[in-house]
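A.B. asks: Below you'll find the structure I mean.
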Amino acid sequence: MDINQYLEIFIEEAQEHLQNLNQNLLGLENSPNDNDVLNEIFRSAHTLKGMAGTMGFNAIMNLTHEMENILDEVRNGRLTINSGILDVLFECLDFLEGSVNHISETGKEMDKNIDALKNKLINIIYNKDLPAHEKQDAENSSAISNLTFNQYDENVIVQALAQGMKVFKIEVILSKDCMLKSARAFLVFKSLEKYAEVFKSFPSVEDIEDEKFDNNFKLAVITSEGKDKVKDDLMSISEIDEIIIEELKEVTKAFETFSEEIAVAEVEHAEEDKEDSEEAHAKKNKIGKTVRVDINRLDNLMNLVSELIIIKTRLEGVDSDTRDQNMTEAVEYLERITTNLHDAVMKVRMVPIERVFNRFPRMVRDLSRELGKEVNLHISGEETELDRTVIDEIGDPLIHLIRNAIDHGIEDKQERINNKKAQAGSVALRAFQDGNSVVIEVEDDGKGINVSRVKKKAVENKLISQVEADALNEKEAVDLLFQPGFSTADVVSDVSGRGVGLDVVKTKIESLGGTVEVETSANAGSKFIIRLPLTLAIIQALLVTIGSEKYAIPLNSIKEITSIEKNNIRIVQGQEVILYRNGVLPIVRLSHVLDVKNDEKDSSELTVVIVKKGEKSSGFIVDSLIGQQEIVIKSLGKYLAGIRNIAGATILGDGQVALIIDSNSMI
């Protein structure tokens, strides 16, 4: 059977199980006695082990098997969860995530030794606190039980037993004053090779050869000889104190397929659910049917919908004098169909932002411990949906903002106590829909942004002069944080201080058609506000003419449309402005910015489209208005990428191409 055909399924399901492990390990840290969380962790590790075994990913399988052993000890009350155990489990989770990502990129498992991680897990079990007599028993008669078998080992054992062979677990204990441990181990292997097959060792053969073990090691062998024969032969080797042998008479065969693993997990889940009330699990067990669809297929479907909308627009443009009643009804029907189809496709593309937010509790946990700060993360609005293409891009900017909030915003414990604040800092991550946009906020209750320090650093970094710095108001000074290479950190660390961060955030957000704003208050904290479009594919736009060219301005960035008197325009510090609604409105002549020739009109009135970017506004002067229209955004391609002031293009109903204005870059 060619397992490569199941690789994509394995990767997707493995990532789901890893996300589940991450969430529930964090939950277990907060509620160590929660058996439901513990059972959920065990099921995820168990299912992942079976999936990896079937695909032949041995490192993942072996590591999850050892994790299962720890979790089983906790479930049975023989081990108590503590921060040390959780740190090791999180370390294992990091390896598993890295390995699955490597498989996703290369199709192969990482070539990385996991013995150190496995040993940490094994040592947790065998170093736990036991009564003296039990500890002695563990050291003597049961020490070889940490020689665990994976699915393939068990298959070997089953076949050997079926053929009448004997299977032994052997622990070799060397003398404490043994000088050449690897040499003694070599003699043990040579002696066994005469009549037995060694198929497992702990530690690995490589580590035994390099003497990376204490005074004992374990082996598993298949042989036709008896226990006494094996023990006598090995005890004849000098500098060996003791040989402990355990014979395996039977073994439970490991599950071999995905379906069996999943079936068992479902049975276990169902049995555990019976113990709770039906009402408590009624919502949990109600799972909708889902189908995974490749994003490329959705893009293709979206392109077809786009063509339908273009045709609909073209038909709407037919002269009403030549259009009969039947044609009108057909166009109206086509409009309803395309609108409904567009809505349906967009709903398929929409993904809860939860899939991005879920990675941050673990990041906050690790970062707060690294910095010695106590930080609580509060998440809300994770059910808010965004286009899949936006979801895939928003993760990195949010990582920068959260790291920035913890490192720069949240004070250390003593400083917070001195400022009469709660000892634990707070970071809030929120998402909510606002019209045709989604707003994401990252807010902390830290010390806020020191505006004076920002100005000072900007001058030191020669971004602005001292005169320019003195003239900046608070909001303008805060905007300096988004300048490339700007950082207020005095010391370069792994967390920050390299001048990379907020400029990357701004660039990425604006490339997605969004905006980012900052609100800050001294000793009260800061709030970064990201506003993103729901979708990047089809939008409502206002079509305008500039000279002989047609342009589109996204409707969600338009505040209002008005006309102004030409004579009322004034020039302030080289910028054309007009007094409008008791405020100063900057004026942008699109014909100049876009280098489009137009005939200067003698009219005293000018048509102005007022667009907004957060709290800022500007007035775009256009020659005339065509009207509102649903447009399909098309990329300019790699050769025209990066052109300032242009966000893309669209095809109009008459086949003409209209460029889409990037209003954010002009404000």
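The values are calculated or read from the model by the stated rules, or taken from the named source; none is laboratory data. Worth saying up front: this structure is predicted, and the values here are computed from it rather than measured. FYI the Cβ positions are ideal-geometry reconstructions off the backbone, even for glycines, and counts take in every protein chain you see. Please note that ligands, DNA and RNA were not included when accessible areas were found on the heavy atoms of the full protein model with its side chains. Shrake-Rupley method; radii C 1.70, N 1.55, O 1.52, S 1.80 Å.
A.B. asks: Is it the case, given these coordinates, that N76 is in contact with a helix residue (DSSP H, G or I) (Cβ under 9 Å, 6 or more places away or on another chain) and free of Cβ contacts under 8 Å to residues at least 12 places away in the same chain?
C.D. replies: So N76 fails the test.
A.B. asks: So V454 fits all but one of (1) over 27 Å from the mean Cα position of the chain (by Cα); (2) open to solvent by less than 50 Å² (accessible area, probe 1.4 Å); (3) over 30 Å from E468 (Cα atoms); what number is the exception?
C.D. replies: Exception for V454: condition (3).
A.B. asks: If R336 passes every condition in (1) farther than 17 Å from I539 by Cα; (2) modelled with pLDDT of 75 or more but one, which one does it miss?
C.D. replies: R336 satisfies every listed condition except (1).
A.B. asks: Take the residues of region 363-385 that are within 30 Å of A344 (Cβ to Cβ) and exposed (fewer than 14 other Cβ atoms within 10 Å of the Cβ): which is modelled with the lowest pLDDT?
C.D. replies: Once the filter is applied, the top-ranked residue is E383.
A.B. asks: Please go through (1) buried (at least 16 other Cβ atoms within 10 Å of the Cβ); (2) not in a helix (DSSP H, G or I) for T80 and return the number of the only condition it doesn't satisfy.
C.D. replies: Going through (1) buried (at least 16 other Cβ atoms within 10 Å of the Cβ); (2) not in a helix (DSSP H, G or I) one by one, T80 breaks only (1).
A.B. asks: Can you tell me how many residues in region 611-654 are outside any strand (DSSP E or B), touching a residue at least 40 places away in the same chain (Cβ under 8 Å) and not polar (S, T, N, Q)?
C.D. replies: Count: 7.
A.B. asks: Additional query: When you go through E560, E576 one by one, which is the residue that is under 24 Å from R531 (Cα atoms) and surrounded by fewer than 17 Cβ atoms within 10 Å (Cβ to Cβ)?
C.D. replies: Of E560, E576, the one residue that is under 24 Å from R531 (Cα atoms) and surrounded by fewer than 17 Cβ atoms within 10 Å (Cβ to Cβ) is E560.
A.B. asks: For region 146-247, give me every one of the strands (runs of 3 or more DSSP E) that falls completely inside it and has 1 or more residues that are open to solvent by 60 Å² or more (accessible area, probe 1.4 Å) and closer than 29 Å to D72 by Cβ.
C.D. replies: 166-174
A.B. asks: Name every residue in region 461-486 that is farther than 21 Å from N404 by Cβ, in a helix (DSSP H, G or I) and open to solvent by 50 Å² or more (accessible area, probe 1.4 Å), in order of residue number.
C.D. replies: Q466, V467, E468, D470, A471
A.B. asks: Inside region 89-112, can you point out the residues that are closer than 20 Å to E66 by Cβ, touching a residue at least 60 places away in the same chain (Cβ under 8 Å) and either of a type in the set (D, E, K, R) or open to solvent by 60 Å² or more (accessible area, probe 1.4 Å) (or both)?
C.D. replies: E97
A.B. asks: Enumerate the pairs (first residue in region 40-66 and over 15 Å from L93 (Cα atoms) and assigned to a helix (DSSP H, G or I); second residue anywhere and open to solvent by 10 Å² or more (accessible area, probe 1.4 Å) and among the acidic types (D, E)) with beta-carbon separation below 8 Å, excluding pairs fewer than 6 apart on the same chain, so at least 6 apart or on different chains.
C.D. replies: Pairs that qualify, where the first residue is over 15 Å from L93 (Cα atoms) and assigned to a helix (DSSP H, G or I) and the partner is open to solvent by 10 Å² or more (accessible area, probe 1.4 Å) and among the acidic types (D, E), are G50/E260; M51/E13; G53/E256; T54/E256; N58/E109.
A.B. asks: Restricted to region 386-405, and to residues that are touching a Gly at 6+ places or on another chain (Cβ under 9 Å) and not aliphatic (A, V, I, L, M), which residue is surrounded by the fewest Cβ atoms within 10 Å (Cβ to Cβ)?
C.D. replies: If we take residues in region 386-405 being touching a Gly at 6+ places or on another chain (Cβ under 9 Å) and not aliphatic (A, V, I, L, M), then R403 is surrounded by the fewest Cβ atoms within 10 Å (Cβ to Cβ).
A.B. asks: Same structure again: Which ones in region 220-244 are touching a helix residue (DSSP H, G or I) at 6+ places or on another chain (Cβ under 7 Å) and under 20 Å from K181 (Cβ atoms)?
C.D. replies: V221, D233, L234, I237, E239, I240, I243, I244
A.B. asks: In region 521-542, which residue that is closer than 20 Å to D479 by Cβ and open to solvent by less than 30 Å² (accessible area, probe 1.4 Å) is modelled with the lowest pLDDT?
C.D. replies: L532
A.B. asks: When both residues are 6+ apart or on different chains and their Cβ atoms are under 6 Å apart, which pairs have a first residue that lies in region 407-430 and is among the hydroxyl-bearing types (S, T, Y), and a second that is at pLDDT 90 or above and surrounded by fewer than 19 Cβ atoms within 10 Å (Cβ to Cβ)?
C.D. replies: So the pair list comes out as S426/N376.
A.B. asks: Is it the case, given these coordinates, that K506 is under 22 Å from the mean Cα position of the chain (by Cα) and modelled with pLDDT of 85 or more?
C.D. replies: The answer is yes for K506.
A.B. asks: Of all residues in region 562-575, count the ones that are in a strand (DSSP E or B) and farther than 13 Å from V608 by Cα.
C.D. replies: Here the count works out to 4.
A.B. asks: Additional query: Checking Q433 against (1) polar (S, T, N, Q); (2) assigned to a helix (DSSP H, G or I); (3) more than 26 Å from G27 (Cα to Cα), which test does it fail?
C.D. replies: (2)
Per-residue answers, yes or no, for (1) in a strand (DSSP E or B); (2) farther than 27 Å from I449 by Cβ; (3) not small (G, A, S):
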{"residue": "D503", "(1), (2), (3)": "no, no, yes"}
{"residue": "K506", "(1), (2), (3)": "no, no, yes"}
{"residue": "I529", "(1), (2), (3)": "yes, no, yes"}
{"residue": "L542", "(1), (2), (3)": "yes, yes, yes"}
{"residue": "I553", "(1), (2), (3)": "yes, yes, yes"}
{"residue": "E560", "(1), (2), (3)": "yes, yes, yes"}
{"residue": "I587", "(1), (2), (3)": "yes, yes, yes"}
